[in-house]
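See below for the structure under consideration.
What follows draws every value from the coordinates through simple rules; no lab data is involved. If you're wondering where the values come from, they're calculated on a predicted model, not measured in any experiment. Cβ placement follows ideal geometry from the backbone for every residue including glycine, while neighbour counts extend to all protein chains displayed.
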């Protein structure tokens, strides 16, 4: 009888301390790391040699000045994605302190994507991703968004 009570208490305590990864990503918004939300049905392709993830998507620009500056470009270096605009704004501010010039893109899926560079040429975009990954280990998940 005593063994069953102890076992039940251990089980309750261990389960009470657990959170799913989905909950952890939403609960712990950290300005240094984007909370990439897993609820969408987006599929990212991964280039085997470089490990760069790519996705093709429609989006709009959060402000007209960014649209004027980047609209002719098709390849965007994405450093973070957020469901909440306020989280995207906070993360963008932290990127400015690191020397980036972030632009918020409003994806067709409702996410706020943070782009730090855009290019006409795909190879230039891929080279920039590799440069960011080597200089900023905290941004090793930087990926390539291709405008539809």
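Taking the condition of being farther than 21 Å from residue 126 by Cα and either without any contact (Cβ under 8 Å) to a residue 12 or more places away in the chain or surrounded by 15 or more Cβ atoms within 10 Å (Cβ to Cβ) (or both), how many residues in the stretch 67-89 meet it?
First pass over the stretch 67-89, keeping only residues farther than 21 Å from residue 126 by Cα: 67-68, 82-89.
Cutting the leftovers down to either without any contact (Cβ under 8 Å) to a residue 12 or more places away in the chain or surrounded by 15 or more Cβ atoms within 10 Å (Cβ to Cβ) (or both) gives us 67-68, 82-83, 86-89.
Looking only at that region, the number is 8.
Out of all the residues in the stretch 112-138, which are crowded, with 22+ Cβ neighbours inside 10 Å and either within 17 Å of residue 59 (Cβ to Cβ) or within 12 Å of the chain's Cα centre (by Cα) (or both)? Break it down into steps so the answer makes sense when it comes.
We begin by selecting, within the stretch 112-138, every residue crowded, with 22+ Cβ neighbours inside 10 Å; these are 112-118, 125, 129.
Listed by number, the residues that qualify are 112, 113, 114, 115, 116, 117, 118, 125.
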